[in-house]
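Down below is the structure, laid out as structure tokens.
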Amino acid sequence: MVKKRLIPKLLIKHQYLRNKVKPLLVTTRSFDDVISVGDPISQAKIYEAQLADELVVLNIDNSGIGEDSMMLGLIEQLASETFMPLAVGGGVRTVEDFAKLLERGADKISINTAALKTPELITEAANRYGAQCVVVSIDFRINASGDAQVIQGNNKSSAGRCLFDWAKEAVDRGAGELLLTDADLDGTGEGLNLAVGRAVASSISVPVILSGGCGLAEHFVQGFREGLAEGVAAGTFFCFRDQNPIQIRAHIRNAGVPIRIET
């Protein structure tokens, strides 16, 4: 039986100090409010010690990652100082960006806005590096009519795409995994969008990672059971809640969900 995955998220902004730039770990709420947390390397090592299954590392500044020496250096350091699989995204725009990140130790590459603008990038990357390397990240909101609509860019404007149509197209084009985030639930602690997760996961053939809204241990269990997710990703929960991945993992296992317990 395939084990479910518990996945902390590291959201990274550029911190400018005089003539230097350093990575700053932050959390967000509804993709707007940004709260500084601290050093991403230290936090990643804590997550590794607490048995996280992998890390999602996202550059949330509007910068192309291919020429971003700070982000490239951070990924290289994370890969050399921790031993969890790394899924890296934010500012990935070309297949050459895939190469630069993979060379520095990333295991998977997440694409979002670039995939919407140039869907052929999904296929090109999957053909070159394998579908297992290509994660299509989809941010969405539920509109006034109750429909799940894809949003994009730093201003999170509507992409004019139905979430379910885009999810199916992304998989058809070669995506090996989808990362779904409800922007309105992000950082709220109110729980995941289980209905959307379940609808997407039951209609495609690749794993779905649910994100946005975890505030209780039970929310992770619900994500696996009711949302049909293969993985649940969370950032704010692990940074500010008095619970860590080991505790959440025990809760998930006690609920009867198959998940790794030991290293």
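The values are calculated or read from the model by the stated rules, or taken from the named source; none is laboratory data. Since the model is a prediction, treat every value here as computed from it, not as a measurement. All Cβ positions, even for glycine, are placed from backbone atoms using ideal geometry, and neighbour counts span all protein chains on display. Note: accessible area is taken over every heavy atom of the protein model, side chains too, but ligands, DNA and RNA are not part of it. Shrake-Rupley method; radii C 1.70, N 1.55, O 1.52, S 1.80 Å.
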When the range 206-234 is checked residue by residue, the ones that are within 16 Å of ILE138 (Cβ to Cβ) and open to solvent by 10 Å² or more (accessible area, probe 1.4 Å) are VAL206, PRO207, LEU228, GLU230
For GLY153, the lone unmet condition from (1) under 23 Å from VAL57 (Cβ atoms); (2) open to solvent by less than 10 Å² (accessible area, probe 1.4 Å) is (2)
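If we only count helices (runs of 4 or more DSSP H) wholly inside the range 141-260, which ones have 1 or more residues that are over 19 Å from LEU55 (Cα atoms) and modelled with pLDDT under 95?
Result: 245-254.
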For ILE12, the lone unmet condition from (1) at pLDDT 90 or above; (2) among the aliphatic types (A, V, I, L, M); (3) open to solvent by 60 Å² or more (accessible area, probe 1.4 Å) is (3)
ALA170 fails exactly one of (1) farther than 22 Å from ASN62 by Cα; (2) in contact with a strand residue (DSSP E or B) (Cβ under 8 Å, 6 or more places away or on another chain); (3) open to solvent by 30 Å² or more (accessible area, probe 1.4 Å), namely (3)
Scanning the range 101-135 residue by residue, those under 19 Å from LYS9 (Cα atoms) and of a type in the set (A, V, I, L, M, F, W, C) turn out to be LEU101, LEU102, ALA106, ILE109, ILE111, CYS133, VAL134, VAL135
Note: among ILE204, ILE209, ILE142, just one is over 18 Å from the mean Cα position of the chain (by Cα), of a type in the set (Val, Ile, Thr) and under 22 Å from LYS4 (Cα atoms), namely ILE204
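Kindly indicate whether LEU55 is of a type outside the set (D, E, K, R), touching a residue at least 60 places away in the same chain (Cβ under 8 Å) and either surrounded by 15 or more Cβ atoms within 10 Å (Cβ to Cβ) or closer than 16 Å to THR236 by Cβ (or both). Steps first, please.
Values: of a type outside the set (D, E, K, R): yes; touching a residue at least 60 places away in the same chain (Cβ under 8 Å): no; either surrounded by 15 or more Cβ atoms within 10 Å (Cβ to Cβ) or closer than 16 Å to THR236 by Cβ (or both): yes.
Taking the combined requirement at face value, the residue does not satisfy it.
Among strands (runs of 3 or more DSSP E) lying entirely in the range 1-120, which contain 3 or more residues that are of a type outside the set (Lys, Arg) and either out of contact with any helix residue (DSSP H, G or I) (no Cβ under 9 Å at 6 or more places or on another chain) or more than 21 Å from ILE209 (Cβ to Cβ) (or both)?
5-17, 20-29, 33-38
Of all the residues that make up the range 1-34, how many are within 30 Å of LEU228 (Cα to Cα) and either aromatic (Phe, Trp, Tyr) or in contact (Cβ under 8 Å) with a residue 12 or more places away in the chain (or both)?
Applying the first criterion (within 30 Å of LEU228 (Cα to Cα)) to the range 1-34 yields 1-12, 25-34.
If we keep only those that are either aromatic (Phe, Trp, Tyr) or in contact (Cβ under 8 Å) with a residue 12 or more places away in the chain (or both) as well, we get 1-12, 25-31, 33-34.
Qualifying residue count, the range 1-34: 21.
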The correct count of residues that are open to solvent by 30 Å² or more (accessible area, probe 1.4 Å) and either basic (Lys, Arg) or in contact with a Cys (Cβ under 8 Å, 6 or more places away or on another chain) (or both) in the range 15-34 is 4
Taking the range 1-33 and keeping only residues that are more than 30 Å from GLY256 (Cα to Cα), among the β-branched types (Val, Ile, Thr) and more than 17 Å from the chain's Cα centre (by Cα), one is left with VAL21
*asked:* Quick check on GLU190: is it open to solvent by 20 Å² or more (accessible area, probe 1.4 Å), of a type in the set (D, E, K, R) and in contact with a Gly (Cβ under 9 Å, 6 or more places away or on another chain)?
replied: yes
